[in-house]
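> Before anything else, here's the structure in question.
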Amino acid sequence: LANPLLVRAANEARQRVWEARLAGRKVGLVPTMGALHAGHLSLVQAARGECDFTVVTIFVNPTQFGPGEDFHRYPRDLAADLAALARGHVDMVFAPAVDDLYRVRHSTFVEPPRVARAWEGAFRPQHFRGVATIVLKLLHIIPADVAFFGHKDYQQTCVVRDMVDDFDIPVTIRTCPTIREADGLAMSSRNAYLSPSEREQAGAVHRSLAEAVAMFEAGERDSATIARAMRGVLMQAGIVRIDYIALVDPLTLDEVSRVGVDSVALVAVHVGATRLIDNTQVG
Ligand code: AMP
């Protein structure tokens, strides 16, 4: 197993991607913040299936973290990430230093699209401004044909899609299914923060989503009724700090009063000191 080519400098990364494209290779981009798990590797697999040159970026982006959030303690282990990717047949890893990606005088930010306002945007006010800015920067450094994102961060995929459409960025955005632990908990680098008892509690997040799906399948269409039942599942597990439970339109992310097959249930909670998000299509 060979470690993938590790590139630190943006100019070198861009040059290598252009060389691949000019050689007729289809380039896939998988942006991550590292601490790689099976969810990330499923995106790599999707990229490998569709593209001939797969680039994984590893960058804990400071501008998408709010004050008091976990930027400084976010798990970082480049050696372990490179070892995980060696099995994934990745062509290039771009892992820049913060100072190289954000020069001292950096001051331009993307004003994120309308879909960024509610939900995560309401609880993490500058988050999507940081996400949109780093994704735009990465797409300029890695001019990929296709970029892969996880359904796990559903609102993020909406923000990225709308930015790409609004700014005429020549890339195709693919969304890949959420990879889960045996009890349904969505894999996340932040799960490492959970104590054993918190980890057990966290299983209720997925159970609340499963409840929404089950109610929809049983014919329930009233979103307030479904949301109330989801809240009950969380509370019963002792999860009391709930940022939001919402049943939304999949494109606008506006709340719906009547749930349809394509409606999405969104959840954000705190389990101990750890904030978890998850979602599912209801129908
Ligand atoms: P992150 O490193 O958390 O920024 O995530 C990088 C990419 O992996 C994002 O597009 C996420 O949506 C995606 N991702 C994170 N967790 C999962 C998961 N459990 N299943 C599928 N994709 C995921």
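> Here's a check for you: in the stretch 29-68, which residue that is of a type in the set (G, A, S) and open to solvent by 10 Å² or more (accessible area, probe 1.4 Å) is nearest to N191 (Cα to Cα)? Walk me through how you get there before you give the answer.
The first filter runs over the stretch 29-68 and keeps only residues of a type in the set (G, A, S), leaving 34-35, 38-39, 42, 46-47, 49, 66, 68.
Pick out the ones that are also open to solvent by 10 Å² or more (accessible area, probe 1.4 Å) and you get 35, 38-39, 42, 46, 49, 66, 68.
On the way: A35: 11, A38: 13, G39: 12, S42: 18, A46: 23, G49: 28, G66: 19, G68: 18 Å.
My answer is A35.
> Applying the selection to the stretch 151-183, what residues are open to solvent by less than 20 Å² (accessible area, probe 1.4 Å) and assigned to a strand (DSSP E or B)?
I173, C176
> If you don't mind, another one. Pull out all pairs, ordered by first then second residue, where Cβ-Cβ is under 9 Å, the residues are six or more apart or on different chains, the first lies in the stretch 1-22 and is closer than 15 Å to A86 by Cα and open to solvent by 90 Å² or more (accessible area, probe 1.4 Å), and the second is in a helix (DSSP H, G or I) and not small (G, A, S).
From the stretch 1-22, the pairs are N3/L82; N3/L85.
> Consider the stretch 4-57. How many of its residues are away from the ligand (no atom under 16 Å from the Cβ), under 29 Å from R103 (Cβ atoms) and not small (G, A, S)?
Summing the residues that are away from the ligand (no atom under 16 Å from the Cβ), under 29 Å from R103 (Cβ atoms) and not small (G, A, S) in the stretch 4-57 gives 17.
> Picking from V104, V90, V55, V115, which residue would you name as being farther than 21 Å from A147 by Cα and among the hydrophobic types (A, V, I, L, M, F, W, C)? So that I can check it myself, show each step before the final result.
Numbers: V90 fails: farther than 21 Å from A147 by Cα; V55 fails: farther than 21 Å from A147 by Cα; V115 fails: farther than 21 Å from A147 by Cα.
So the residue among V104, V90, V55, V115 that is farther than 21 Å from A147 by Cα and among the hydrophobic types (A, V, I, L, M, F, W, C) is V104.
> How many residues does the stretch 117-150 contain that are charged (D, E, K, R) and not in a helix (DSSP H, G or I)?
Filtering the stretch 117-150 for residues charged (D, E, K, R) gives 117, 120, 124, 129, 137, 145.
The next check asks that each one be not in a helix (DSSP H, G or I); those that pass are 117, 124, 145.
Number satisfying all stated conditions: 3.
> Still on this structure: Between a residue in the stretch 111-125 that is open to solvent by less than 30 Å² (accessible area, probe 1.4 Å) and any residue that is among the acidic types (D, E), which pairs come within a Cβ distance under 7 Å, given they are 6 or more apart or on different chains?
Pairs found: P113/D162; P113/D166; V115/D162.
> Out of A144, A186, report the one residue that is within 11 Å of the ligand (Cβ to nearest atom) and open to solvent by less than 20 Å² (accessible area, probe 1.4 Å). Quick ask: steps written out before the conclusion?
Details: A144 fails: within 11 Å of the ligand (Cβ to nearest atom).
None of the others qualify; the one that does is A186.
The values are calculated or read from the model by the stated rules, or taken from the named source; none is laboratory data. Here the structure is a predicted model, which means the values were calculated and not measured. Cβ atoms come from the backbone with ideal geometry, glycine included; neighbour counts cover every protein chain shown. Areas reflect the complete protein model, heavy atoms only, side chains present, ligands, DNA and RNA absent. Shrake-Rupley method; radii C 1.70, N 1.55, O 1.52, S 1.80 Å.
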